[in-house]
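See below for the structure under consideration.
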Amino acid sequence: MRIPTTFVASAALCLCSTTLCLGVDGLQRKSGLPLPDLTPTELQLFETGKLLFATPPTIEQGLGPIFNKSNCQSCHTIPTGGWGSITVTHFGLENKGEFMLYPGEVQSLKQAESINLLCAEETPADATVHATRVTNSSLAFGIVDAITNSDIASHEDPLDANLDGVSGRVHWVSLLEDPTGPLRAGRFGWKAQVGSVLTFSGDAARNEMGFTNRLVPDENPPNGDYALLAQCDVAPDPEDVPDAAGFAFIDRVTHFQRYLGMPPQTPKSGMTGEALFNQVGCSKCHIRDWNTPNDSALEVALRGKSAKIYSDFLVHDMGTLADGIQQGDATEFEFRTPVLWNLVQRDPMLHDGSALGGTFANRVTLVISRHGPFGEGANSSAAFAALNSTQKSQLIGFLASLGRLEFDSDFTGFIDLVDLLAFDSCFGLTTTADDACAVHDIDQNGTIDLVDLGWFEQAYIGPNNDCNNNGVADIRDIVLGTSVDLNLDGVPDDCGSCPADINNSGTVDGMDLALLLGNWGSAAGDITGDGLADGMDLAIVLGSWGTCS
């Protein structure tokens, strides 16, 4: 894929510069935003990579001839770079209890799409092994990539020496960018079959998009048919070539994934559910705390960082969850412990996406039950089943904290009018980490107080002016009770009625229009009271244009 110089230059103009994009120092960042402490150059690389992550190459540039999706974002959607709901199919044969590739195939992955029907790949009718995989997460790949081999290896216990029923082991793999170099502890992919972000990018570009590159320069032949491939492949290989700055597509999307930030967790600590999570044995595999080395070879944003990831990156025998596919040294029964950060946004769950829809609690409960009755997760699954209903709710409440943004009372990822009303109802109350109001106790001092109000004002995406000119910001007016908001619109009632004046400037103008469009589909900017900024609100703004009466 030849990336036009003008395309890269325009992408550079998309740098994050707002609170909504970059977050507020002192508050956790929303999932999908870049790491803090990136240099301007690194932030530009992140933004350019994010743009290309969502940009499909054309057939002439190298898409196909067989592929699953035309761009990375089609699969990694929750948020961009995170989990997804797209599934792919793996197939092969069982031979005396062991997996083998179907004769002629070079891999187990079936490509679902093709540039024309002639090239279409089919699952052979006599394939005896079939497996479904859902999209894994790429969040904060740079942090995971920076973890040392020795740190991962320190957690393995392949012979279950402590007799706890858990015997995870490292899946040692080669890197595509250094195939003859030392093996690395695998850490990406359902079977920990990938050892670096760049390997992931190169492998996925070819296997998911049919986009050959310097790491994987050869196409996948449809069902192993090289004669058919010769008829279908219209672009010379490798198709991914460097742009004017010297970066290929796989480099650009690696920048984006490498610099993606860590998801939030609210409350950050102290929940009874986390103690129960540890008590029933989940933390034996879903290890919380990891640190990147203080290595000068790493970017400052990745160096010496602490992360709560909730994975050991080891492969484990998962018993009845096995999918029958062997990848590298990971057997038919083994899976890598998936990371749990950002779990609250994940739907579907499980490697095959079978924990789908319904409530978060229902999905999580199903996932835990599927860890038994056999395999290394069986003891934890049974221990969870033995908890009483209150304890189960507490543990699930803890899991819902993984990926939850501060002040986000309704789990939307936006701090808007709904969250303002929730904060107002909690203000002045004492709270524990298990209470609903804990999402607003940012310093976790047990009280929703003025410190938390100050942080809320910075996180809030709705208007916060001084519409009644009393020297106090509107949100503070409402929360402190110096003004009332009986109609619950986030504006003091003594400001009069000009609902289309979203920023309370006294005039309905372009700023109000921009706020409405910027909050489209959310409660912030809603005028009609239906909870969404939509076409009805737009009509009111346009119809009220000018000075408020």
> Mind checking which residues of the range 63-84 are touching a Gly at 6+ places or on another chain (Cβ under 7 Å) and part of a loop (DSSP other than H, G, I, E, B)?
Replying inline: L63, G64, P65, C75, H76, T77, P79, T80, G81, G82
> Is the range 447-470 home to any residue that is in contact with a Phe, Trp or Tyr (Cβ under 9 Å, 6 or more places away or on another chain), buried (at least 17 other Cβ atoms within 10 Å of the Cβ) and of a type in the set (G, A, S)?
Replying inline: yes
>> As an exercise: evaluate F398 against (1) under 23 Å from the mean Cα position of the chain (by Cα); (2) of a type in the set (F, W, Y); (3) over 30 Å from V166 (Cβ atoms) and give the number of the one condition it does not meet.
In response: (3)
>> Between a residue in the range 455-480 that is without any contact (Cβ under 8 Å) to a residue 60 or more places away in the chain and within 20 Å of L405 (Cβ to Cβ) and any residue that is among the basic types (K, R) and in a helix (DSSP H, G or I), which pairs come within a Cβ distance under 9 Å, given they are 6 or more apart or on different chains?
In response: E457/R476; N464/R476
> What are the residues in the range 252-303 that are outside the structural domain of A54 (by TED's automatic domain parsing) and in contact with a strand residue (DSSP E or B) (Cβ under 8 Å, 6 or more places away or on another chain), if any?
Replying inline: C285, R288, D289, W290, N291, T292
> Counting only residues that are part of a loop (DSSP other than H, G, I, E, B) and among the charged types (D, E, K, R), which one in the range 188-234 is nearest to Y102 (Cα to Cα)?
Replying inline: D225
>> I need the full set of residues from the range 158-195 which are out of contact with any strand residue (DSSP E or B) (no Cβ under 8 Å at 6 or more places or on another chain) and of a type outside the set (G, A, S), in order please.
In response: L159, D160, N162, L163, D164, L176, E177, D178, P179, T180, P182
> When you scan the range 439-493, how many residues do you find that are over 36 Å from the mean Cα position of the chain (by Cα) and among the aliphatic types (A, V, I, L, M)?
Replying inline: 4
>> If I filter the range 112-134 for residues that are closer than 17 Å to G189 by Cα, at pLDDT below 95 and assigned by TED's automatic domain parsing to the domain that holds P221, do I get at least one hit?
In response: no
> Just one of the numbered conditions (1) polar (S, T, N, Q); (2) free of Cβ contacts under 8 Å to residues at least 12 places away in the same chain; (3) in contact with a helix residue (DSSP H, G or I) (Cβ under 9 Å, 6 or more places away or on another chain) is not true of N162; which one?
Replying inline: (3)
> Among the strands (runs of 3 or more DSSP E) contained in the range 85-169, which hold 3 or more residues that are closer than 30 Å to F46 by Cα and acidic (D, E)?
Replying inline: none
> Could you list, in sequence order, the residues of the range 388-424 that are part of a loop (DSSP other than H, G, I, E, B) and of a type in the set (A, V, I, L, M)?
Replying inline: A400, L405, I415
>> Can you tell me which residue is surrounded by the fewest Cβ atoms within 10 Å (Cβ to Cβ) among those in the range 204-260 that are under 19 Å from D178 (Cβ atoms) and of a type in the set (D, E)?
In response: D218
> When the range 533-549 is examined, which residues are found to be loosely packed, with under 13 Cβ neighbours inside 10 Å, touching a strand residue (DSSP E or B) at 6+ places or on another chain (Cβ under 7 Å) and either part of a helix (DSSP H, G or I) or at pLDDT below 80 (or both)?
Replying inline: T547
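Quick grid of which residues meet (1) modelled with pLDDT of 85 or more; (2) part of a loop (DSSP other than H, G, I, E, B); (3) farther than 13 Å from I461 by Cα:
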position: D494; (1), (2), (3): yes, no, yes
position: D501; (1), (2), (3): no, yes, yes
position: S505; (1), (2), (3): no, yes, yes
position: L513; (1), (2), (3): yes, no, yes
position: L516; (1), (2), (3): yes, no, no
position: S522; (1), (2), (3): no, yes, no
position: T528; (1), (2), (3): no, yes, yes
position: G531; (1), (2), (3): no, yes, yes
> In the range 329-375, how many residues are part of a helix (DSSP H, G or I) and either in contact with a strand residue (DSSP E or B) (Cβ under 8 Å, 6 or more places away or on another chain) or under 23 Å from T266 (Cα atoms) (or both)?
Replying inline: 12
> Residue check, L163 against (1) over 19 Å from E60 (Cβ atoms); (2) crowded, with 21+ Cβ neighbours inside 10 Å, all met but one. Which one?
Replying inline: (2)
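Yes/no matrix, rows are residues, columns are (1) touching a Pro at 6+ places or on another chain (Cβ under 6 Å); (2) outside the structural domain of Q231 (by TED's automatic domain parsing); (3) at pLDDT 95 or above; (4) more than 21 Å from F211 (Cβ to Cβ):
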| residue | (1), (2), (3), (4) |
| --- | --- |
| S10 | no, no, no, yes |
| C16 | no, no, no, yes |
| G23 | no, no, no, yes |
| L35 | no, no, yes, yes |
| L38 | no, no, yes, yes |
| L51 | no, no, yes, no |
| T55 | no, no, yes, no |
| P65 | no, no, yes, no |
| N68 | no, no, yes, no |
> Among the strands (runs of 3 or more DSSP E) contained in the range 238-328, which hold 1 or more residues that are more than 30 Å from N95 (Cα to Cα) and touching a residue at least 12 places away in the same chain (Cβ under 8 Å)?
Replying inline: 289-291, 306-308
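The values are calculated or read from the model by the stated rules, or taken from the named source; none is laboratory data. Source: prediction; values computed, not measured. Heads up, the Cβs are rebuilt from the backbone with ideal geometry, glycines too, and the neighbour counts pull from every protein chain shown.
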